[in-house]
1. Could you grab me the full set of residues in region 353-379 that are of a type outside the set (A, V, I, L, M), more than 16 Å from residue 325 (Cβ to Cβ) and assigned to a loop (DSSP other than H, G, I, E, B)?
2. Please find, within region 283-317, the residue that is nearest to residue 261 (Cα to Cα) out of those that are charged (D, E, K, R) and in a helix (DSSP H, G or I).
3. Quick test for you: out of 115, 128, pick the one residue that is closer than 19 Å to residue 68 by Cα, in a loop (DSSP other than H, G, I, E, B) and open to solvent by 10 Å² or more (accessible area, probe 1.4 Å).
4. Quick check on this structure: which one of 425, 419 is touching a residue at least 12 places away in the same chain (Cβ under 8 Å), of a type in the set (Ser, Thr, Tyr), touching a Leu at 6+ places or on another chain (Cβ under 8 Å) and more than 24 Å from residue 351 (Cβ to Cβ)?
5. Got at least one residue in region 45-53 being assigned to a loop (DSSP other than H, G, I, E, B), farther than 22 Å from residue 538 by Cβ, open to solvent by less than 50 Å² (accessible area, probe 1.4 Å) and in contact (Cβ under 8 Å) with a residue 40 or more places away in the chain?
6. Could you please tell me which pairs satisfy a Cβ distance under 9 Å, a separation of 6+ or placement on different chains, a first residue in region 163-187 that is at pLDDT below 90, and a second residue that is in a loop (DSSP other than H, G, I, E, B) and surrounded by fewer than 17 Cβ atoms within 10 Å (Cβ to Cβ)?
7. Is it true that residue 377 is surrounded by fewer than 23 Cβ atoms within 10 Å (Cβ to Cβ) and closer than 20 Å to residue 329 by Cα?
8. Among the residues of region 456-475, which ones are open to solvent by less than 10 Å² (accessible area, probe 1.4 Å) and either over 19 Å from residue 532 (Cα atoms) or without any contact (Cβ under 8 Å) to a residue 24 or more places away in the chain (or both)?
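The values are calculated or read from the model by the stated rules, or taken from the named source; none is laboratory data. Computed from a prediction, not measured in an experiment: that's the story for all the values here. In this analysis, Cβ positions are derived from the backbone assuming ideal geometry, glycine residues included, and neighbour counts consider all displayed protein chains. Calculation scope for accessible area: heavy atoms of the full protein, side chains included, ligands and nucleic acids excluded. Shrake-Rupley method; radii C 1.70, N 1.55, O 1.52, S 1.80 Å.
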Amino acid sequence: MYIPIGEQRERERRPMGNSSETNLQSLDILPTALVATIMTNLDVPSICSLAATCKAFNLCGSQILSFLPNFHLLDISPTIDLLKPLLPPNPYLRSLRVDCARLDDSAIDHLLRPSLEELCLHNCADFSGKLLSEVGGRCKDLRSLYLSSVADKRGRSIHVSDLEELLGGCAQLETLILMFDVSIFLRHNFAHVWAVASAKLTSLEIGYVSSVMVTELLSPTAGPYHSQNQIRSSVLPKPTVAFDLTNSGLQQINPHGKLKHLSLVRSQEFVVTYFKRVNDLGVLFMADRCSSVESICLGGFCQVTDTGFKTILHSCTSLYRLRVSHGAHLTDLVFHDIDATSLSLTHVSFRWCNLLTNLSVIRLASNMDLSVLDLRDCRSLGDEALRAISSLPKLKTLLIDGADISDLGLSYLKRGVRSSLVSLSVRGCKRLTDKCVSFLFDCSCNLELRELDLSNLPNLSDAGLLLLAKSRVPIVELRMRQCPLIGDITVIALASMQVDEGRWHGSSLRLLDIYNCGGITQLAFRWLKKPYFPVLRWLGVSGSVNRDMVDVLARSRPFLHVAYRGEELGTDQWDYSDDLYMHDYEEVDELEQWLLDGENGIDDEEMEEAENNAELE
């Protein structure tokens, strides 16, 4: 393109700062169709990030939201005012995932679309049973539905007719996950409702259900659901002895041998109860028809011994995911001849199985395809277990809380598994010191580690965390709760940490848990403000340090979940749902910036005022 000499000289005399404006203006000449094609391959946070850069992308981003096939926004909990412009009329919308913690029934009109095939709504505590009935009335083509915490808030209610309208209206439904207390439905009508369920329904997961309801649900007279291939009940409350699960009842679970996934959990983390009327005999009879089962989760079967668990390993030839908790009689003998089976386990969890020793782990390590290994609260495990685990080339998640391991044992992970490991939890391993951090982050190889739990380590200090910050490993989730020697220096180091050149300080952390750390003072809160930790979404602190400063911090960062009562942060460790595209966060969180329309929130003066008040106290 010809540029006159005078104009060319004028451009040379312009300040360098105008070059970025020129580049942005040049984006206007790009064909809209080209920009739209590129943006449709991104997720919602990435589209919002582009929309915040220039007017051309902002206009294109607004238009794209009208024909985007997937809308996944679980990073934040939007209000109805923020959600409206992001969800315009869209006849092409097929998948919708939203965190509804700040929404209620008034958002139903914006969330439910006739074109939806997948609907995933988290934290629906402020919704009533109307949500269920409206889904049945509006989303006729729905194939997968996930609803959690519906009507958990006081004053909200669900009637059994709401569930009936849901099941009757969604005739194409294949997967249904209701993660809330289903026992609130009228018990005598519960089984009858399932007669109208879709004949295509093959997977059902219920968050809280009584044993009586389970028996009714599995009854052949309950309707077309007798052909299910997955049953999962996350919480089974303890019933009276007369209604408790027995060996006979266990045999009725899979009469046709088509079951693919089975989860029966009675034991809970804080209230431990058991299936006391089920023993090895019941498991033996059930295992005879479980050759097609791919996933088994059993919790609280205190009368089942090695014989029963061993039968599962040898009879369920298609098994690849096994989870057992509170196995009071589970010992190393279960894995004595595991090499003789044809199993190719990828996900294994033995939690609160205190009779397991290093020998069990050594034999389990023969499954070279293991990607998830959960051995939390198996307190007899030691360094030799880690030596065996280090030979697993595909291991991504290792949870070994409360084990009797040392810094030397953790150094064994350097030999192979460290390059594949994404998530590691050593919470409550009392013998670990700052040296364990140096063994993990000595920069001798490329680390994939993104989630690290160092909570409840009495010998972990700021010096260890300084080594982590120096390594520049892009940790996404870091938990250090109840570490008495962790203090302000750790927070300052993490806030100043640069993952790589050209990116903002502390840019990778999305979850930081420093609850009840002994050395945290008001100074740390100054480094938790913007612009530090720009993409932080979860923060655990002690409210007793200074409640005013906690409140100011929460108001200044409205999309930051600040927990100060000691509650656990983030999602469950066994939640393996993932998106097709992972958002790459840059120097600032453009999603938050775009939603807030450039507002900076609470001013620094309010934080300073809270600090001054704390000093006066």
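1. 357, 366, 367, 369, 371
2. Top of the filtered list is 310.
3. 115
4. One residue alone meets the criteria, 419.
5. Yes.
6. Short answer, once both residue conditions are applied: 180/152; 181/152; 183/237; 184/157.
7. yes
8. 457, 460, 464
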